[in-house]
Amino acid sequence: MDTEFWLEKWHRHQIGFHEGRPNASLQQWFDAMALQPGDHVFVPLCGKSQDLLWLLGKGLQVTGCECSPQAVAEFFADNQLQYEHCEDQTASGHTVFQCGRLSLWQGDFFRLPEQVLALADGVYDRAALIALPPDLRQRYVHKFYQELTAETPILLVTLDFQRDPVLSGGYQGPPFPHTDDMVKRQYQAFSRIDKLGERDILANEPKFQAQGATSAYEKTWLVTR
């Protein structure tokens, strides 16, 4: 499940993970990060999420990272936004797209220069952790632990669901389910892990029903570096 996997998903427009509207859990629990206008928020694996615009509406400096150039192009086209772009000078392989208070780093998250996360006053992760297979999750979490400054909050939105093995037809993901224990185990090095709330989303998610899900909950966490 490498970069080519996601590039192909975007090429085929298999983007069921794209909500097309600001996330309800973000709107409900945003204040838990205690960010102020002018602060920097980082959004990993952001796709063309409308959450980026919602965060900009809060007066924040918003930085996203996305591997797919098609996703980045569609974000600016869909929202009729003008931008400037340049190659990152740190040899990370990223192209940086700038539009006012928004910066999108197109390239490999794991090669993102350290200073990008070091500048973050908060992190918002809705569909990044749950998109990663087990062999990449701890590497992903470790990068945040190593590069965020102390007390930087992460607003983390995960999915916890059960699938009927027959109805699912062997579907494994992504997205990958995360139980409470899994979240706590993956972020155990962090100083605080608080579950803020959860929503039963099965009735409003036909894609989960089609994949054989018998229950589905969106859970929101506040994790502090």
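The values are calculated or read from the model by the stated rules, or taken from the named source; none is laboratory data. Bear in mind the structure is a predicted one, so any value in this text is a computation, not a measurement. Don't worry about glycine lacking a Cβ; one is built from the backbone with ideal geometry, like all the others, and counts go over all protein chains shown.
Please find, within segment 118-155, the residue that is surrounded by the fewest Cβ atoms within 10 Å (Cβ to Cβ) out of those that are touching a His at 6+ places or on another chain (Cβ under 8 Å), of a type in the set (A, V, I, L, M, F, W, C) and outside any helix (DSSP H, G or I). If we take residues in segment 118-155 being touching a His at 6+ places or on another chain (Cβ under 8 Å), of a type in the set (A, V, I, L, M, F, W, C) and outside any helix (DSSP H, G or I), then LEU119 is surrounded by the fewest Cβ atoms within 10 Å (Cβ to Cβ).
Somewhere in segment 102-125, is a residue of a type in the set (S, T, N, Q) and over 25 Å from ALA71 (Cβ atoms)? Looking for residues that are of a type in the set (S, T, N, Q) and over 25 Å from ALA71 (Cβ atoms), one finds none in segment 102-125, hence no.
Residues checked against (1) touching a Phe, Trp or Tyr at 6+ places or on another chain (Cβ under 9 Å); (2) farther than 23 Å from VAL43 by Cβ; (3) at pLDDT 95 or above; (4) aromatic (Phe, Trp, Tyr):
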position	(1), (2), (3), (4)
ALA150	no, no, no, no
THR158	yes, no, yes, no
ARG163	yes, yes, no, no
PRO177	yes, no, no, no
ASP181	no, yes, yes, no
SER191	no, no, no, no
GLY197	yes, no, yes, no
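CYS65 falls short of the stated requirement of being assigned to a strand (DSSP E or B), farther than 15 Å from LYS48 by Cα and of a type outside the set (A, V, I, L, M).
For residues that are crowded, with 16+ Cβ neighbours inside 10 Å and out of contact with any helix residue (DSSP H, G or I) (no Cβ under 7 Å at 6 or more places or on another chain), scanning just segment 20-38, find the one that is nearest to GLY100 (Cα to Cα). The residue in question is LEU35. Taking segment 196-216 as the range and being exposed (fewer than 14 other Cβ atoms within 10 Å of the Cβ) and without any contact (Cβ under 8 Å) to a residue 60 or more places away in the chain as the test, the residues that pass are ASP200, ALA203, ASN204, PRO206, ALA210, THR214, SER215. Determine whether segment 3-14 contains at least one residue that is at positive phi and touching a residue at least 24 places away in the same chain (Cβ under 8 Å). No: zero hits. Tell me, yes or no, whether segment 74-93 has at least one residue that is of a type outside the set (Asp, Glu), surrounded by 15 or more Cβ atoms within 10 Å (Cβ to Cβ), assigned to a loop (DSSP other than H, G, I, E, B) and in contact with a Cys (Cβ under 6 Å, 6 or more places away or on another chain). The answer is yes, given that some residue of segment 74-93 is of a type outside the set (Asp, Glu), surrounded by 15 or more Cβ atoms within 10 Å (Cβ to Cβ), assigned to a loop (DSSP other than H, G, I, E, B) and in contact with a Cys (Cβ under 6 Å, 6 or more places away or on another chain).
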